[in-house]
Amino acid sequence: MLTPEQRLWRAVLGQAYADAEPAPDEIAMDDFKPIKRMKAQRFLRADTPHEAASLAVICDFAEVPYDRVVGWARERHAVAA
């Protein structure tokens, strides 16, 4: 059973996932990425040491495997070369 704190931190991760995905009306506009979406994708990929540390703490509080979150995000939201 999840504690209220775990549910809160999982909601934080859920919001980051939601922010990282394009809205249905934006799917056709691949070249356009709102800042909010780019920041959420960077956060979930743990692109910087600060983002990695913050995400690790959130994953720990949520009891969600950090490596799975980052692996999923790096596969789903790969950085364009």
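Read the figures in this text as sums done on the coordinates, not as results from a lab. Being a predicted model, the structure only gives us computed values, none of them experimental. Here the Cβ positions follow ideal geometry from the backbone for every residue, glycine too, while neighbour counts run over all protein chains shown.
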Open item on the list: Give me log10 I(q)/I(0) at q = 0.18, 0.19 Å⁻¹ for the chain, Debye formula, one equal scatterer per alpha-carbon, no solvent.
Closed with: -0.74, -0.81
Task: Folded to 0 to 90 degrees: helix 35-45 orientation relative to the chain principal axis, Cα - done: 50 degrees
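Order by neighbour count: Phe43, Phe61, fewest other Cβ atoms within 10 Å first, most last. Please report the intermediate quantities before stating the final value.
Values: Phe43 22, Phe61 15.
Listed from fewest to most nearby Cβ atoms, that is Phe61, Phe43.
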